[in-house]
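Bear in mind these aren't lab numbers, they're just calculated from the coordinates by the rules spelled out. These numbers were taken from a predicted model, which means no experiment stands behind them. Because the Cβ atoms are built from the backbone with ideal geometry, glycine has one as well, and the counts that use them run over all protein chains shown.
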Amino acid sequence: MNVNKVFLLGNVVADPEARMTASGIPVVNLRLATNRVFKDKSGQRQEQTEFHRVVVWGRQAEIAREYLRRGRMVFIEGRLQTRSWEDKSGQKRWQTEVVAERLQLGPRPGAAPPGESRPAQEGETGKAGKQKDADDTIPVIDEDAPISLHDDEPKEVNPEEIPF
């Protein structure tokens with residue numbers, strides 16, 4: 001038995017690049033940064049950043065295009081895939097990327113963790129539409145919790161339709 005499974009939790013490096021295949025399937029390319037913190041031989045704390053290319057297809061690509069921006073945290077579950085092509089000079093090129101099978105958005109910037117509340121902002125209104133005072137708190141509801149998306153049925157994609 002073989003396993004090709006990747007789990008990444010990191011921050012989006014740049015706004016996602018969205019495209020559509022010739023047959024109308026949405027696809028998003030994004031770059032993700034993950035950090036690893038460790039102690040070196042001398043006991044000094046070190047931090048190492050890795051950058052990953054991620055490809056998201058279908059409905060999840062639409063969600064990624066709409067909600068992901070530079071700096072947002074995202075959890076990706078997927079598989080590794082290596083593509084090859086010839087560049088303009090005839091050189092054979094290879095690229096390994098993560099094909100996302102599941103996408104979970106992290107908390108919104110400035111949102112309190114689920115179950116906590118945050119102070120109301122000046123001029124913010126409550127559910128009844130009345131003006132809230134700056135010292136009132138607004139409870140965090142489910143919309144601030146991470147969103148999990150998963151396509152149950154993988155779609156066959158013609159490699160000729162890949163726009164990159």
What FRET efficiency would be calculated for the residue pair SER42, VAL13, taking the C-beta separation as r and a Förster radius of 45 Å, to the nearest 0.05?
0.90
Zero-based 5 Å bins, Cα pair distances in the range 6-106, whole percents
3, 12, 20, 20, 16, 12, 9, 5, 2, 1, 0, 0
Subtracting the Cα-Cα distance from 0.36 nm times the residue separation, let me have the gained length for SER23 to THR49 in nm, one decimal.
5.7 nm
Whole-Hz ³J(HN,Hα) from phi, Karplus 6.51 cos²θ - 1.76 cosθ + 1.60, for the range 39-48, glycine and proline x
9, 7, 4, 8, x, 7, 6, 10, 10, 10
Length released on extending from VAL3 to GLU62, taking residue separation times 0.36 nm less the Cα-Cα span
18.5 nm
Can you order the peptides 72-81, 5-14, 54-63 by their average number of other Cβ atoms within 10 Å per residue, highest first?
54-63, 72-81, 5-14
Grab the other residues whose beta carbon is less than 14 angstrom from that of PRO16, score K and R as +1, D and E as -1, and report the net.
+2
Which residues in the range 1-38 have a backbone N closer than 12 Å to a point placed 7 Å from the Cα of GLN104 along the Cα-to-Cβ line?
7-10
